[in-house]
Structures are given as C-alpha cells and as structure tokens.
Amino acid sequence: MISRLLAIALFLAAALAIASPPAPATTPRPSPLPPGAFEPDTGPSDVIYPAQSIPLRFDHKKHVKDLGQRCTSCHPGGATSTQVADRLTPPGTKCDGCHASSHADLSAVRAGTGSAPGACATCHEGYVPGDGNTVARVIMQSANMVFSHAKHSVRNIGCAQCHGAVEELGIATRDQLPRMRGCFSCHQKSDAASRGEAKGACDTCHIKGQGGEAGLIRTRFPSGALKPPAWLRDAEHGPDFIERHKRAAGADSQFCGNCHKEDFCTDCHDGRVRTAAIHPADYLSMHPVEAQLQTQRCTSCHREQSFCVPCHQRLGITQSGPGGAHTAARFHPPPSVWSDAPRKPGHHAFEAERNLSACVSCHVERDCVMCHGGRGIGGGVSPHSAGFLAGCATQLRRNARPCFMCHDPRDAELAQCR
Amino acid sequence: MKRDVGIVACAALLAVATAARAEGEITSDTAAQFYDVRSPTGETVLARRRVTTTLGVSAFDLLGKERSAGQHHEPNLIFRARLRYDADYGADAASASPTSLDKLVPGFSRGPVDIMYGYVEGRRFVGGALGFRLGRQLMTDALGWWSFDGGEVKVTTPAYFAVEGYGGLEVRGGLPFSGAAGRWERDGVSRGDRSGYDAATYPGFLDADVAPAFGAAIESAGVSWLSARLSYRRVYNTNTPFNGAPGDALAAPPLVAGPRLSSERVGYAVNATAPKVGALQAGLVYDVYAGLLSNVYATADVFAGRKVTVSADFDYFRPTFDADSIFTFFAAEPTADLGLRAHVDATARLSASASAHVRTMETQTAPHLEGATRALSAAGAIYPSNGVAFNEGGSVQARYRRLDTTAQLRATGNFGDGGDRVGADLYVERVLETRYLLSGRVGAWQWDDKLRPDRSAVNVGYAAGIGYRFAPRSRASFEFEHNANRLVGQRLRFMLWLSVAVLP
C-alpha cells in the first residue's frame, strides 16, 4: 500500500507542478483598489465587466487633487444614471472647456491652443498627426449586471465607496469597477423587509435570465459563463466540482437554484442517460469493481432496489427474478468461501459488513430472510451487529415489520426487545 | 397511461393559459439511446432501445410586477412543471406482464410517465418575509435529494435565519405520475404497483401506497460568508407490508398494518467562508430510527493566494435503510475517506485539481461462531473486529475553457482488496460559428477484478458527436460511442438528442 500511496503522491506533485502558474511577470496593479478587491488583485470578473480598450491618457490625480475637480464635474451621470447601459465616461466636448479643443464635430476635431495642453496626442494614445485626424476607438461595453447610480447616490454613497480612491490614479480602467465582495459590505442582507433596502438576493445586481434561463439569473454572456468565485460559499466550479458540490448545496437550499433549474440537477440525480463525466468508458462492465472498492455512494443518484435490482433481474444475475442465465457461482466466489461454515475472510458475512449497499443492489430482503429468518432454511443466523439489543426496543415499537420478517412475535429472542 | 398524459397535458395548457400575461417558456428534451448489453459469452442479454422525453412548462412573474423597473422585491409567483416519458422499446413486453412469470421483472414498465416536478412558488410575500411552494417539488439539504407532493412555507426573519416547515406525501414509485421505479424513497425495500399480481407472485415486491411526510428546517439567511441548515424529516409507510403466499417458507409472518415509521432523520450542514483565508464545510446525518450517524463529512479549504486552494476532506458513510427493511438491522460497517486535494487556477482559462484519498473500513474476520452466536449476541460481541482495511485512490483533473471550446482531462486511480481501477479520459467540445457543435471523448481504462479475475479487462473507447444549435436554447445532436474490451468485444452506443425551448 505504501508504494501505491507514494505513486499517488508523486502523481499529485507532478500534476501540481505542471499546473502551477509561472512567477508573475506583470507589473503590480495600481493601488488603491476598490473595496472588496484582493491583494494582489487579478482584476474584476471578465464576464461581468467585458474587456475594455481605452487608448487614452488621463490623470485623475491631477484633475481631482491638483485642480480640485469633483467626480461629477466630468461624470455627471454618476449621480443620476439608472442603468448600466448609460455611458458615464465624459465625451470629448467635456474636455473642450478647459483644453480649448473642439470635439463638437467629431469629423473635424480641432486641437486646443490654450494654457492647458490641448494637442490631440495629449490625450489620445497612438495619435499620429497627419494620419487623417483619426484616433483609436474607445471600447467600453456595458457591464452585465443591474445597477443604478442614482439609487446609490441619493443614499449618500460616495463614488469612492465602490470605486476606490480613483483620485490617486492616472487613467481609471475596469480595475476600478466595483467588486462583488465589496457590494456585500452593504448588501449582506436577507429578503426580509426589516433588513433595509440593500437586498442581498442575487437578482438585485445580476441580470435575470430569459429564454431558457427564465426564473434564474443570467449566466451566459458573450464574454463568458458566470461562475461563483471561491470565496462565495466555497463553490468555485473547478474541474472536480461535480465531486464536491454536495458541500455547497447541502448547507443552502436555494444557492444552486439561483443559476440552475431542477432539470440540471435531475439529469444526474434522477437521470436516465449515463453521464460520461461521472461514469467513463464501458461502465457497464466496470461498475462491479467500483462497488468492490467499497464505494457506497451510488445511492446519491441511484436507488438500489429500484434502479439496480430490476436491471440485474433482467440480466438474470440475481437470486430472485425471472432467472435464465444466472448461477450463484458465476457472480460470487464458490460456496466453500462465500457461504459455507466456518466463516473466514471472503465470506459473504464480511463482505456484507464492508459494503451492505452492494448486497442491496442485487438482493431483495427475502433472499436474506431465507437463511437469516428464524424459520428460514438456515435456521436463523443472526445478522445483527454488536450492541444491537441496546436500541431494538424503540425500533420494534416504532416499526415492527422488519423484526417480524425473521422473528415470530412469540420468539423468546424478540422478548429481549420488548 | 394515455389518460395520465391527457390530464397532465390539460393541466399544462391551463397553466399556460393562466400565465398568458406572464413570461413563460415551454421546453422539451429528448434523448434516444441504442445499445446492447451482452453476456460474457457474447449473446445479447438486454437490447436497450431507450427514449426519454420531457416536457417542461414554466411561467414567471404571474403577478405581473416583477419585471417592472425598481420592483425587484415585490411579491412574485412562479409556476414550473415537467413531465417525463421514459421508455425502453427494446425490453420484452412480457417483462412487465404479471401473467408471464418466467419473464416478469417486478415493477418493470416499458414506458412509465411521471411528473418530475410541478409546483407554484411564491416569493417575497408579506414584505419579503414569506415564501412558499405548493405541488410536487424537490428539496435538497444535508438529508440528500428528496421529492414530495405537498406544501412548504418559509419565513425569513430579521435575525439572519429562516424557518421552514413542510408536509405532504413522499413521491414513491408505482403511484400515479410517479414512475414505475421509486427514486426518492429510502432504500432497502422493493415496492411498486402490484396491480394484476397474484398474491404468490413475488411476495417480496410490496404494494406501494401513500407515504405521509413532514419536516422542518432552520436555515441561515442574508449573509454571504455563512450558510447553515438544520433539517428534520419524518416519513410514514402506510402500505400492507407482507404479501406472503400459502406454502411459502415466509408466508405467515404476522401482518403489520397501518401507519408506521419509514424514516426519521436529522441533518445539519454548514459552510463558512473567510474570503482571504479559506473555508470550512461540514455536515452530518443522524438516522433516528436506526440510532446511528449515517454520514459525517468535513472539508477544510485553505486559499493559498488567489489561484491555489489546498483542501483536506473527511467523509464517513454508513448505509441506512427504510424502517420497513430488514437491512436496517444487518451488521454493516461504515467507510471513512480521508483525502487531500489541491486546486490551481493556472490562468483564467486553465484550472486543475488533484486529489488523493485513503478509504478505511473495519473488517470483522472473527472465527466461525455460529454455535455461540446467540449467547454472544446478548454480550454484544457477535463480531469482534480484528483490524482496519484500506483502499486508496487519487485523481487529476484539468480543464481548459474558452468561449467556444472546452477541454477536460480526468485521470483516476482506485486501488483496493476488491479490485483496482485506473484510467483517463479526455473530452473536448467546440462550438463553431455559435451553431455547429462538435464533441469528442477518448479514454482508456483498466480494471482488475480481484474477486473475479476473469472479469478484469482493459477498455479503450471513444465517442464523437455533432450537433446544430438552431436557437439559443434549442439544439439537435448525435453521438456515437465505441468501446472495445475483451469482455464484451465491441460495444457501440448511438445517442440522439433534441432540446427545444419555446418562449410564448
């Protein structure tokens, strides 16, 4: 076993070494960052905030700290906007007042000549004089969320409370857009009315789905698929999340339902089509080995007496059923090992103890009662565990049916449980 | 069955009509699969010609306020329902006929129809504090997946928790609109529709009957860093449990009739996250009737930076069954898994996870004690344990994802006294021009069956699929799968899929 563990450990180490990212080669992102950003920051969600291209030069620090401008001087919509589709970046005409330029006619923009720098290249990166008076296009797509600046500003929520200290920066980019973790500093609320107006429901900020996602929040965008981050319910949807999702789902009955319909879950948990992501290859031939590895979790998706037994009966490998092809020796070891006395390793008593679920996937209880029942052909070989008598009185009182499957009500042994 | 389908169709139409002014959708998913299950000697034992089709109807914002600007938190009503038809045309019709004793498979049906779910849900009533569901609904918590017909009410309090209560009938196989095979009831008992069965025909196959159930839960609410749910559920059996026939060795057990316990369990799950530190997820399930813990799990995650998560997992599982089942009282040992895991987000597109675990179980290899069993029983020492056995395993999984391409690699190895299993799969899916779907899977798996060495094999397989997306949520696709191993020779599977979403 040690060699196997060593092999697994080496395998693990090699995989991690391969998967580990190289040392960061990029320069540190500017600080300070919006509330909720991590250090080091890897930027906001690419899905919520699609990639931007801002080929501009601008110095927020100079305009705000040195020249005393307010945020709303250039971004008046920051106080009144009600939708994310509203364009809040100032148009070129906003610059004209100080820089003496003219952007009134974008087909005939004139550079400024005043005291403030007004040359086109002052603001437009890559501007080449004489190149048709053209500049690179600013590309800023709307955020994929629901947001009203007006609702926040009327509650006296300042710009920095969501965007961070932009006045310390030069150009502001999507790195200054709010982080979900920062939103929770106020939106950590339930839906109960008494919890204020900063509701914490997903659809407070996330777009509601339509066309197949109706009733949920929208998760599919041209910029990618929305997934929960690791810090939210520890529900990062990594490549092995299918093996770990129970931990997130079990503690919050509604969490998964924000993005997934029941169908998504029942495809596996009540499924009718083998999911290759779970059961690989020729799983029909392989599945007995997995059962022998004491995997008792088949019951997460399969009810054994309904899913396994009927198929095994159709195949004729069960003790009960229409029969045909089955022989006991074909599946189990020979009787000398499997069922004859004396018991020894490999005997069905031990295998049943190790993985009773495997037995239940083929046998109906009458198969067992034939020998274990008090009046069965085996004369009553006790299948009970040690300490059984301690709790059997309550169990007999609440449901005597399993007791009477093997014991006559007048059995002296049963009296111990009365 | 035709009558069932008719009733459900009428109900669906009524729902759509009621929701005519609301937003809604009709969806349908159909999967057809064709494959054979062959015996080791080559003959076809089962010819599967399966067609599964579902029809879903949903209506949202039935009160008409939800989508108004600034009305995100007004009361809202939602209706959802899904009907399923699951047929196997390859099966012998006699397998479902109670008069064909040589072929009858108890409870088998060639084309059962069931309502997977169908409910009306209310949200944010009474100032946002009250929510409810009425109808056939699914529930998930530490007690696992479950379905019942009935009502659920949830009150969210100002004190960061919600209280929930529910009651109704557990969804059981063999009852109307519930399918032939039970899925949501506790295991250990074979139940279904015995209509047409003679008393002597499979007496162990019990007649299904309604199963009253109720439960309650307390759940955290309103915080992002903590979720926790304490749940309690009790279910009753009301069916006639014995069907013994004269002359049968088990024919005369005394009849136990009337309501009796089916299951009573308590579950708790907690999930606490410190965004810059890590997370703790834990839970347990206690089976009140069996008087034992059936599941305990815990996971500690450490966020080692933004890209790396290191985890330690523990999982203890001991099977428990319906209180009607004799398996409840069989000696059964738990398994306990202890695992380590690491997850790396190498880039925004590439992530990988690797894990290793050891599974332990007690084995009881005492000498033969038949003669002394009964005496030892009273002393509580029927099966003295003599040690712990181990199974080991590990896996590496990696995923690369772009907007139009997903590639996933999985390599797994499991080793134990009962057998070994080692293999790897590579799956790639690509969408061309947002409409054309291509997928492929290739894998090699080797399994070593130590109990039946003649059943060991190496399997090499691949699958290839093509599809066309003719609307955002509507697609048709075809998949061909081919596996080869020495046990079955060549195994082929053909799959056809059709998904349609219509927005009235």
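The values are calculated or read from the model by the stated rules, or taken from the named source; none is laboratory data. Just so we're clear, the structure is a prediction, and the values are computed from it rather than from any experiment. Here the Cβ is made from the backbone with ideal geometry for all residues, glycine too, and neighbour counts use every protein chain on show. In case anyone asks, the SASA skips ligands and DNA or RNA and just uses the protein heavy atoms, side chains included. Shrake-Rupley method; radii C 1.70, N 1.55, O 1.52, S 1.80 Å.
Taking the Cα centre of the stretch B:421-504 as the origin, how large is its charge dipole in debye, to the nearest 20, when only Lys and Arg (+1) and Asp and Glu (-1) carry charge on their Cβ atoms?
120 debye
Shielding of B:461-468 by partners, i.e. mean partner chain Cβ atoms within 10 Å per residue?
1
Per residue of the stretch B:279-295, what does 6.51 cos²θ - 1.76 cosθ + 1.60 with θ = phi - 60° give for ³J(HN,Hα)? Whole Hz please, x for Gly and Pro, Karplus curve as stated.
8, 10, 10, 8, x, 8, 9, 10, 8, 5, 5, 6, x, 8, 6, 9, 7
Which FRET efficiency value, to the nearest 0.05, do you get for residue B:498 and residue B:306 by plugging their Cβ-Cβ distance into 1/(1 + (r/R0)^6) with R0 = 35 Å?
E between residue B:498 and residue B:306, to the nearest 0.05, is 0.25.
Among DSSP beta bridges whose residues both lie in the stretch B:168-235, state the antiparallel percentage, nearest 5.
80 percent
Probe radius 1.4 Å, ligands and nucleic acids left out: which of B:475, A:398, B:183, A:155 has the largest accessible area, and how do the rest follow?
A:155, B:475, A:398, B:183
Can you tell me the length gained on complete extension of the stretch residue A:106 to residue A:53, counting 0.36 nm per residue apart and subtracting the Cα distance?
Residue separation times 0.36 nm, minus the Cα-Cα distance, leaves 17.2 nm.
For a quick check, take a GNM of chain A with Cα springs below 10 Å and name the residue from A:37, A:79, A:393 with the largest mean-square fluctuation.
A:393
Can you list the GluC sites (Glu not before Pro) in the stretch B:421-504 that are in a DSSP coil and have 16 or fewer other beta carbons within 10 angstrom?
When the GluC sites (Glu not before Pro) of the stretch B:421-504 are filtered for loop state and at most 16 Cβ neighbours within 10 Å, B:433 remain.
Specify which residue in the list A:76, B:162, B:117 is farthest towards the positive end of the charge dipole of the protein assembly as shown, using unit charges on the beta carbon of Lys, Arg (+1) and Asp, Glu (-1), about the Cα centre.
A:76
Taking the full set of protein chains and a 1.4 angstrom probe, give the accessible area of residue A:237 in square angstrom, rounded to the nearest 10.
40 Å²
Which whole number gives the average count of other chain Cβ atoms within 10 Å of the Cβ atoms across peptide B:180-189?
Per residue, the average neighbour count from other chains is 6.
On average, how many beta carbons from a partner chain sit within 10 Å of the beta carbon of a residue in A:47-54?
Mean partner-chain Cβ count within 10 Å for A:47-54: 0.
Below 12 angstrom from the Cβ of residue A:231, what's the summed charge of the other residues (Lys, Arg +1; Asp, Glu -1)?
+2
Cα centroid distance between the stretch B:277-303 and the stretch B:105-120, in Å?
With the stretch B:277-303 and the stretch B:105-120 each reduced to a Cα centre, they are spaced 33 Å.
So who's got an amide H within less than 5 Å of the one on residue A:272, skipping anything under 5 residues away but keeping other chains? H placed 1.01 Å off N, in plane.
none
What does the net charge come to around residue B:218 if you take all other residues with beta carbon closer than 9 Å to its beta carbon, with K and R at +1 and D and E at -1?
-1
Once each part is reduced to its C-alpha centroid, what is the distance from the stretch A:27-85 to the stretch B:164-218 in angstrom?
Cα centres, the stretch A:27-85 to the stretch B:164-218: 59 Å.
With a point put 7 Å past each Cα toward its Cβ, work out how far residue A:370 is from residue A:275 in nm, to one decimal.
The modelled label-to-label distance comes out at 3.6 nm.
For B:89, B:166, B:232, give me the order by solvent-accessible area with a 1.4 Å probe, most accessible first, ignoring ligands, DNA and RNA.
Descending accessible area places them as B:89, B:232, B:166.
I need the calculated FRET efficiency for the pair residue B:94 and residue A:221, taking r as the beta carbon distance and R₀ as 51 Å, to the nearest 0.05.
Taking R0 as 51 Å, the efficiency between residue B:94 and residue A:221 is 0.45.
Using R₀ = 60 Å, calculate the FRET efficiency as 1/(1 + (r/R₀)^6) where r is the Cβ-Cβ separation of residue B:153 and residue B:444; round to 0.05.
Plugging the Cβ-Cβ distance into 1/(1 + (r/R0)^6) gives 0.70.
For chain B, what does -39500 (n - 2.57) per DSSP helix run (n ≥ 4), summed and divided by total residues, give at 222 nm, in deg cm²/dmol to the nearest 500?
Dividing the helical sum by the residues of chain B leaves -1500 deg cm²/dmol.
Can you give the accessible area of residue B:329, probe radius 1.4 Å, in Å² rounded to 10?
Per-residue accessible area (residue B:329): approximately 10 Å².
Got a sec? Charge dipole of the stretch A:368-418, +1 on Cβ for Lys and Arg, -1 for Asp and Glu; which of A:403, A:385, A:369 is way out at the positive end?
Final value for the positive-end residue is A:403.
Just how large is the dipole of chain A about the Cα centre, in debye to the nearest 20, putting +1 at every Lys and Arg Cβ and -1 at every Asp and Glu Cβ?
Dipole size: approximately 700 debye.
Looking at this model, which pairs from A:199/B:154; A:246/B:450; A:261/B:154; A:261/B:307; A:151/A:261 are more than 22 angstrom apart at the alpha-carbon?
Result: A:246/B:450; A:261/B:307; A:151/A:261 exceed 22 Å.
Sticking with the crude label model, points 7 Å out along Cα→Cβ, report the distance from residue A:88 to residue A:115 in nm, one decimal please.
3.2 nm
So if I place +1 on the C-beta of Lys and Arg and -1 on the C-beta of Asp and Glu, and nothing else carries charge, what would the dipole magnitude of the protein assembly as shown be about its Cα centre? I want it in debye, nearest 20.
My answer is approximately 1380 debye.
Take each of the peptides A:123-131, B:333-341, average the number of other beta-carbon atoms within 10 Å over its residues, and list them starting from the highest.
Packing proxy ranking, top to bottom: B:333-341, A:123-131.
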